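Participant: Pasting a structure below so you can have a look.
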Amino acid sequence: MSTLAQEAVLPNPALEPFRVLVGEWTTEGTHPHVPGKVFHGRASFQWIEDGAFLMMRSETDEPEIPSGLAIFGSDNVAGEWWMLYFDERGVSRNIQTAMRDGVWTWWRYNPKFSQRFTGTFTDGGRTLVCRGEMSKDGGPWEPDLQLTYKRVEEE
């Protein structure tokens, strides 16, 4: 690692609420546009630059759901958190996110395609049940990806 900017390589206290995500997870989900199919995959969350940022990697075994990654950061003055997302289709998005009272939310509002997502921790933090919604061209909200994360327990 370069010796440049070593002073900024430290935990970002604004990202502390997201610590509950750190680790390895298996995922299982459904999508209303692919009825009757269950999607299987994995996700990991790890600190980068000693906690200055958080990175999510997600991978799905079935080709209908893209694998991707996101970098979490914050604006400590505004009290806001963001995910910069990119996936194997070449899609990139700037998504707002929050973690409050055991509920992870993220949302992106765009006139052409909006999404929102709510994940609730259960089972002592070992399970995360997530419900996504989408809106196309300003239309009504409809179900999107439904996903359950199960923490991979270390042996």
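The values are calculated or read from the model by the stated rules, or taken from the named source; none is laboratory data. All figures in this text were calculated on a predicted structure; none of them were measured in a lab. As a convention, Cβ positions derive from the backbone with ideal geometry for all residues, glycine included, and neighbour counts pool all protein chains shown. SASA here: full protein model, heavy atoms, side chains in, ligands and nucleic acids out. Shrake-Rupley method; radii C 1.70, N 1.55, O 1.52, S 1.80 Å.
Participant: In whole angstrom, how far apart do the alpha carbon centroids of segment 57-109 and segment 20-35 sit?
Facilitator: So the separation of the two Cα centres works out to 13 Å.
Participant: Using 0.36 nm per residue of separation minus the Cα-Cα distance, give me the extension gain between I71 and K37 in nm, one decimal.
Facilitator: Full-extension gain reported as 9.4 nm.
Participant: Probe radius 1.4 Å, ligands and nucleic acids ignored: give me the carbon and sulfur share of the accessible area of segment 1-138 as a rounded percent.
Facilitator: 54 percent
Participant: Follow-up. As an exercise, use a Förster radius of 25 Å and the Cβ-Cβ distance of N94 and E62 to find the FRET efficiency, rounded to the nearest 0.05.
Facilitator: Efficiency computed from Cβ-Cβ geometry: 0.40.
Participant: In square angstrom, what is the accessible area per residue of the chain with a 1.4 angstrom probe?
Facilitator: That works out to 59 Å² for each residue.
Participant: Run the reach check for K150 against lysines, Cα to Cα strictly under 28 Å, same-chain hits fewer than 8 apart removed. What comes back?
Facilitator: The reachable lysines, counting only those whose Cα sits under 28 Å from K150, are K37.
Participant: Starting from 0 in steps of 5 Å, tell me what percent of the Cα-Cα pairs of segment 46-155 lands in each bin.
Facilitator: Distribution as computed: 2, 10, 16, 25, 24, 15, 6, 2, 0, 0 percent.
Participant: Ranked by accessible surface with a 1.4 Å probe, highest first, in what order do Y109, Y149 come?
Facilitator: Order by accessible area, largest first: Y109, Y149.
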